[in-house]
Structure formats: structure tokens, C-alpha cells
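*Asks:* Attaching a single structure in C-alpha cells format; questions to follow.
The values are calculated or read from the model by the stated rules, or taken from the named source; none is laboratory data. The model shown is predicted, which means the values in this text are computed figures rather than measured ones. Note that we place each Cβ from the backbone using ideal geometry, even for glycine, and neighbour counts take in every protein chain shown. To get the accessible areas, we keep the full protein, side chains included, count just its heavy atoms, and leave off ligands, DNA and RNA. Shrake-Rupley method; radii C 1.70, N 1.55, O 1.52, S 1.80 Å.
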Amino acid sequence: ETKPDVVLLATDSFTKSAYPKIKLILEKGINVISTAEEMAYPLANEPELVKKMDQIAKDHHVTVLGTGVNPGMMMDLLAVCMSGVMDEVGNMEISRINSLSPFGKTVMEEQGVGLSVEDFNHKLEKGEMAGHVGFKESVYMIAHAMGLDVTDFEQWMKPIVTDVDRRSPYGFAAAGNVAGVNMTGQGYVDGEVKIDMIHPQQIEPAMEGTYTGDY
């Protein structure tokens, strides 16, 4: 009986998993705002789905907008805006350091908090560690704004191993186990790193911890 003007879709991280819901909403003639990390710049991973969403939205005279904080603001739009006043940008290094302590159980699992290093690496090899979703989207968003053609992209994830017990409301890491992840993402242009993203995050980061592995 009543149709909303807009639906805020906050259920997914990946464009592919959000797409069926977005499609359904658009086909009902309703505008969509998605918080999915990949939807901040879906062209990076899902160019074909972008074409489909664009056409469905046009066919039904509505809009679809991907937005968020990171990606979507902290490590991409902010860098784009700050570089806008510069005559020339050789390369970018963007770092964000944050505490995982306020986050809930799902985030603890995605970041491997509480796992042994062996279990962390095993899950990483199987592709079961989410870590931070959105490096590729941020890199390609920045590159697009700066007129760069990214020729290669890579990202790395390493465990942050704690030397002491750490506890947050929804997570616990005993000494010797994983308290969070240090992730990096690199955008290459002609074999050179032009956009370098660094993002360590852990529970209770004020406590002593060590990074494992070198980049």
C-alpha cells in the first residue's frame, strides 16, 4: 500500500551478494543506497554488474548509490580532495590506523581476532579471511580521479600477534595469538607503485603488539 522513496541496504560487503537485493528494489521503482564496501566503486571488481544496475535503474527512473566511510571517504575521497589543490602528484601513501575494540562479533571473526597464527594463516590460504574489504575500490577510485591507468593491483594481509592478553567487549586475544590484521593494498602504474594503502587494525592497540612478516 505504501512505497518508500529510498531503501538503505546495509546487509552485504560485496557487490555480487548485494546485487539481487538491489535489482529487486530497483525493479520496484525505488531508489537504493548501499553500504556495501565494494559498492563504493563497483567498477573495480564487478564492471558487468555495474552495467546491469545502471540499465535497470534507468529503465525504472530511479537511482542506485554506493556509499560508505571506508572505502568511500577515509582512504579515498579524502585523498582525492586533498590532492586536488596540487599541480602534480608523484605517488600516494595513505594509512589508516584504528581500534577494532568497539566492533562486534562479526568483525572479530572477519579480522581473525583470537585465532592462533597457524589457524589465521590456514584460513588466509583458504580465502576465508575477509580483513578489510575495499582496497581495490579505493585504489581504482583514486586512480580514476587522477587520470591514472592502474596496470596491476595487489593486496596483502598479515596477522598482528599480541605479546599480552587483550580483551574487548566482543573479542579476546591471548598472548601469542592474533589481535588483528595489518593489511596493505598497492596500485601499480607501468610497474611502479603509485597508490600505496596501509591499514593496521587491532583490539586494544594501546597495548604492546608486534607485526609478523615484512612487506
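*Asks:* Name, by its number, the condition in (1) in contact with a helix residue (DSSP H, G or I) (Cβ under 9 Å, 6 or more places away or on another chain); (2) surrounded by 14 or more Cβ atoms within 10 Å (Cβ to Cβ); (3) not hydroxyl-bearing (S, T, Y) that does not hold for V107.
*Replies:* In the conditions (1) in contact with a helix residue (DSSP H, G or I) (Cβ under 9 Å, 6 or more places away or on another chain); (2) surrounded by 14 or more Cβ atoms within 10 Å (Cβ to Cβ); (3) not hydroxyl-bearing (S, T, Y), V107 misses (1) alone.
*Asks:* Pairs only if they're at least six apart or on different chains, beta carbon under 6 angstrom, first in region 23-45 and in contact (Cβ under 8 Å) with a residue 40 or more places away in the chain, second assigned to a loop (DSSP other than H, G, I, E, B) and β-branched (V, I, T); list them, first residue then second.
*Replies:* These pairs meet every condition: E37/V133.
*Asks:* Could you grab the pairs with beta carbons closer than 7 Å, sequence gap of 6+ or different chains, first residue in region 46-74 and of a type in the set (G, A, S), second one part of a helix (DSSP H, G or I) and open to solvent by 30 Å² or more (accessible area, probe 1.4 Å)?
*Replies:* Matching pairs, first to second residue: G68/E37.
*Asks:* Here's another thing I want to ask about it. Pairs please, first residue from region 166-177 and without any contact (Cβ under 8 Å) to a residue 60 or more places away in the chain, second anywhere and open to solvent by 40 Å² or more (accessible area, probe 1.4 Å) and assigned to a strand (DSSP E or B), Cβ atoms under 9 Å, 6+ apart in sequence or on different chains.
*Replies:* From residues that are without any contact (Cβ under 8 Å) to a residue 60 or more places away in the chain, the pairs are R166/F172.
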